[in-house]
Amino acid sequence: KGAKPIVVSTWDFGRAANEAAWEVLKKGGRALDAVEAGVKVPEADPNNHTVGYSGYPDRDGRVTLDACIMDELGNCGSVASLEHIAHPISVARAVMEKTPHVMLVGDGALQFALANGFKKENLLTPEAEKAWREWLKTSEYKPIMNIENSSYGPDKGTTFNPLKLPGNVYNHDTIGMVALDADGNLSGACTTSGMAYKLHGRVGDSPIIGAGLYVDNEVGAATATGVGEEVIRVVGSFLVVELMRQGYSPEAACKEAVIRIVKKNKERAKGVQIGFLAINKKGEHGAYCMQKGFNYAVLSQKENNVLIDGKHYF
Ligand code: SD4
């Protein structure tokens with residue numbers, strides 16, 4: 001004991017998630033339990049259309065969820081393209097704890113979940129279905145130009161690059177959460193419904209260990225949000241942790257990972273949002289993103305669930 005617990009998570013909806021994680025951390029609980037409890041909050045939220053229950057479906061109208069979790073010992077579990085289960089993060093944890101595997105996908109992941117007591121549910125809410133039916137009229141899919149974020153858009157008094165989705169709802173936000181507990185151990189969780197109206201079977205970075213999430217208990221932990229294809233390309237979260245190992249601060253490491261993506265193709269990078277978020281072993285936090293608009297929530301004894309704007313490349 002003796003470390004100062006901290007939990008950070010992506011986007012403004014990370015604050016409610018942090019509160020749940022803090023309930024565990026403040027009692028000296030494990031970071032692993034904290035991050036699972038934390039991300040279950042947006043997974044269950046009917047107003048959040050980008051994570052868990054009520055997520056926007058793929059182009060076939062199917063809600064397919066991606067999630068992963070990783071602890072201080074390098075144990076990890078993941079599910080991809082999982083349907084009908086409201087808490088994919090808990091299925092990912094069960095994969096980690098009850099199987100010799102790391103990742104289960106699609107029908108196999110569902111079969112495993114049902115065999116382990118998870119309830120089959122309809123995750124497509126009437127609201128999300130309505131949005132999908134609207135989308136079907138044009139079936140326009142341009143993920144490249146999507147600037148995901150929750151603080152811009154017509155509803156917030158700015159017209160900065162709004163998505164053309166019904167109801168002006170932004171179509172991709174993931175919750176990534178990393179935490180340090182009182183024992184000085186790190187863990188992380190990441191969960192999403194992925195890009196709205198994606199091809200059926202598309203999997204992003206979020207359930208890929210090293211891309212959407214990485215934890216190394218000697219160094220730090222990192223998570224990512226944004227266009228997953230870009231994050232996978234540079235194995236983003238692993239990269240951030242390795243840069244911290246070399247002495248970079250969390251923010252500098254996140255910035256360098258963003259620059260790595262830019263270097264691959266600057267024109268392509270201009271049209272996408274990516275956000276990295278990290279903490280190190282000392283409990284220092286930092287983030288960096290491609291475009292203005294990414295923010296993250298920090299909860300510790302010092303920082304009362306403050307929302308911080310990530311610095312941005314463009
Ligand atoms: C994905 N990275 O499926 C996720 C989406 C996301 O903020 O993060 N949105 O590519």
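Below, the figures for the structure above:
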| item | result |
| --- | --- |
| Residue of 191, 99, 50 that the Gaussian network model of the chain assigns the largest fluctuation, springs spanning Cα pairs under 10 Å | 99 |
| Separation of alpha-carbon centers, segment 174-211 and segment 87-145, rounded to whole Å | 13 |
| Helix-only [θ]222 nm of the chain, DSSP H runs n ≥ 4, -39500 (n - 2.57) each, per residue, nearest 500 | -9000 deg cm²/dmol |
| Cα→Cβ-extended label distance, 7 Å offset, between residue 302 and residue 267, nm | 4.5 |
| Extension gain, residue 107 back to residue 3 (0.36 nm per residue minus Cα-Cα distance, nm) | 33.3 nm |
| Burial ranking of peptide ranges 84-95, 117-128, 242-253, 280-291 (average Cβ count within 10 Å, highest at the top) | 84-95, 280-291, 242-253, 117-128 |
| Under 13 Å from the residue 97 label point (7 Å along Cα→beta-carbon), backbone N, segment 1-33 | 30-33 |
| Global geometry of the chain, whether rounded, prolate or oblate, following the gyration tensor of its Cα atoms and the 1.5 cut on a/c | oblate |
| Label point distance in nm, residue 26-residue 47, each placed 7 Å from Cα along Cα→Cβ | 2.2 |
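A short reminder: the numbers here are calculations on the coordinates, not readings from a lab. Just so you know, these numbers come straight off a predicted model, no measurement behind them. Backbone-built Cβ (ideal geometry, glycine too); neighbour counts: all protein chains shown.
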